[in-house]
Amino acid sequence: MAFMLRQVAKPVLLRTLLNGSPISMRLAAKDATASAPATNTTPQQQLLVSENCLKRLREICTDGSFLRITVEGGGCSGFQYKFDLDTKLNEDDLQFGEDKAKVVIDTVSLDYCTGATVDYHSELIRAGFRMIANPLAEQGCSCGSSFSIKL
């Protein structure tokens, strides 16, 4: 599955970068661990984390856990975001946020949401993490958990 995702994302990302599309670069990715091999990230591979997201993560991640984001095939629009709390870092993980409020994403998933913002939204009928302003998403469903990529 990861191989297939890479094959679909490469042409899209190359086209986006070659056309000079602006991609936000506020938070720099840190290596997952000091002992892990260095990951080849470019300044364009960024994920923004909202203050609401950081605040909620500080409240719920008191045991050293972090928010893991993955992009999977499926959902109404072709791809969907998956949000989980996790404690194990993998070699290809990149970290965003701060020590007590980390957001972790693997490099393949980051290819589908570079420049997007991770947010925490709360309303009367539901509350949860969500991805907003994804510059690589062409359209999404009304619930906000699935999207299609720009070709």
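A few comments on the model shown:
- Of all residues making up segment 108-132, the number that are within 18 Å of residue 51 (Cβ to Cβ), outside any strand (DSSP E or B) and without any contact (Cβ under 8 Å) to a residue 60 or more places away in the chain: 1
- Scanning segment 83-118 for residues that are farther than 11 Å from residue 47 by Cα and of a type in the set (Asp, Glu) gives 84, 86, 91, 92, 93, 98, 99, 106.
- Comparison of 75, 97 shows that the only residue that is within 15 Å of residue 54 (Cα to Cα) and among the small types (Gly, Ala, Ser) is 97.
- Meets criteria (at pLDDT 95 or above and of a type in the set (D, E, K, R)) for residue 99: no
- Once segment 27-66 is narrowed to residues that are modelled with pLDDT under 50, part of a loop (DSSP other than H, G, I, E, B) and surrounded by 13 or more Cβ atoms within 10 Å (Cβ to Cβ), the residue that is farthest from the chain's Cα centre (by Cα) is 36.
The values are calculated or read from the model by the stated rules, or taken from the named source; none is laboratory data. The shown structure was predicted, so the numbers you read here are calculated from the model rather than taken from an experiment. Don't worry about glycine lacking a Cβ; one is built from the backbone with ideal geometry, like all the others, and counts go over all protein chains shown.
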